[in-house]
Amino acid sequence: MKRYFAPLLLVLLMLPCVALTDYVPQRDEFTFRTTVMASVNEEEFPGECMADSILLYITDGRGNTEVRTVWAEPLDTLTWQGFGTILEEDINFDGYADLMVCNGPVNMFGNFTYTAFLWDQAAHAFSKTEVEGFDRIFDPEIYAAEKQIVGVWRLDDDLDINTYKWDASGKLVLVKSEHHDYSEMAE
């Protein structure tokens, strides 16, 4: 009996390790949360708590968590809202929801920017690098049927509408830009 116990025990101890290495995370298993990091500079901004970064927690179905740091608009977190809001949308139109983290508003008209990470189905993970240039699209709206992302910038009476598409190399490019007077469009 002793001869068989040691090898059996070894096999039983190795099973959890084998099961862990066989795990392939699926997109729908992931959960996310953020924490807004802020600092206080009483000399420059008395009484204001300025956003300086956002911690993004990406957790797979097994509970493994990766923490990434995302930039934040340097604004007072008590006055301005939206920092760290998470959106899951298919921004590259491959059938899988990608991840967008709000960097905050740019001005009182909103003009929110987002840092985006694409889901890589072959790797079963989110890309380690953010989508280049995505954070320059203000208030991005995803139009899946047209495979376009439209950003809108407003400041007083100026309204800019910019349309982006993905090129063949996987880069996001500006394909159309329009300028309008907000007051004329509101009439």
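The values are calculated or read from the model by the stated rules, or taken from the named source; none is laboratory data. What you see is a predicted model, and the numbers here were worked out from it, not measured in a lab. Here the Cβ is made from the backbone with ideal geometry for all residues, glycine too, and neighbour counts use every protein chain on show. Please note that ligands, DNA and RNA were not included when accessible areas were found on the heavy atoms of the full protein model with its side chains. Shrake-Rupley method; radii C 1.70, N 1.55, O 1.52, S 1.80 Å.
Pop out the ³J(HN,Hα) list for region 163-173 in order, Karplus 6.51 cos²θ - 1.76 cosθ + 1.60 with θ = phi - 60°, rounded to Hz; leave Gly and Pro as x.
Per residue, the Karplus-derived 3J(HN,Hα) values read 10, 10, 9, 8, 8, 4, 8, x, 9, 7, 10 Hz.
How much solvent-accessible surface does W119 expose, in Å² to the nearest 10, with a 1.4 Å probe and all protein chains in place?
W119 has an accessible surface of roughly 10 Å² with all protein chains in place.
Using the alpha-carbon atoms, what tilt in degrees (0 to 90, nearest 10) does helix 2-21 show relative to the longest principal axis of the chain?
Computed tilt is about 10 degrees.
Grab the Cα-Cα distance for K171 and Q121, subtract it from 0.36 nm times how many residues apart they are, and report the gain in nm with one decimal.
Taking 0.36 nm per residue and subtracting the Cα distance, the gain is 16.2 nm.
Heavy-atom accessible area per residue, the chain, 1.4 Å probe: how many Å²?
Ligands and nucleic acids excluded, the figure is 61 Å² per residue.
With N set to the residue count of region 113-187, report its C-alpha Rg divided by 2.2 N^0.38 Å to two decimal places.
Dividing the Cα radius of gyration by 2.2 N^0.38 Å gives 1.29.
Using every pair of alpha-carbon atoms in the chain, split the distances into 5 Å bins beginning at 0 and state the percent of pairs per bin, rounded to integers.
Answer for the chain: a P(r) of 1, 7, 13, 15, 14, 13, 11, 7, 5, 4, 3, 2, 2, 1, 1, 0, 0, 0 percent.
Just reorder T115, T35 by solvent-accessible area, largest first, 1.4 Å probe, all chains present.
T35, T115
Give the relative contact order (percent, whole number) for the chain; include only Cα pairs under 8 Å separated by 6+ residues.
12
Show the residues, 5+ positions off or on another chain, whose built amide H is closer than 5 Å to the amide H of L159.
The answer is H180, Y182.
Using a 1.4 Å probe on the protein chains only, how many percent of the accessible area of the chain belongs to carbon and sulfur?
That share works out to 57 percent.
If you keep only loop residues by DSSP, which trypsin sites (Lys or Arg not before Pro) in region 25-87 have at most 16 other Cβ atoms within 10 Å of their Cβ?
R62
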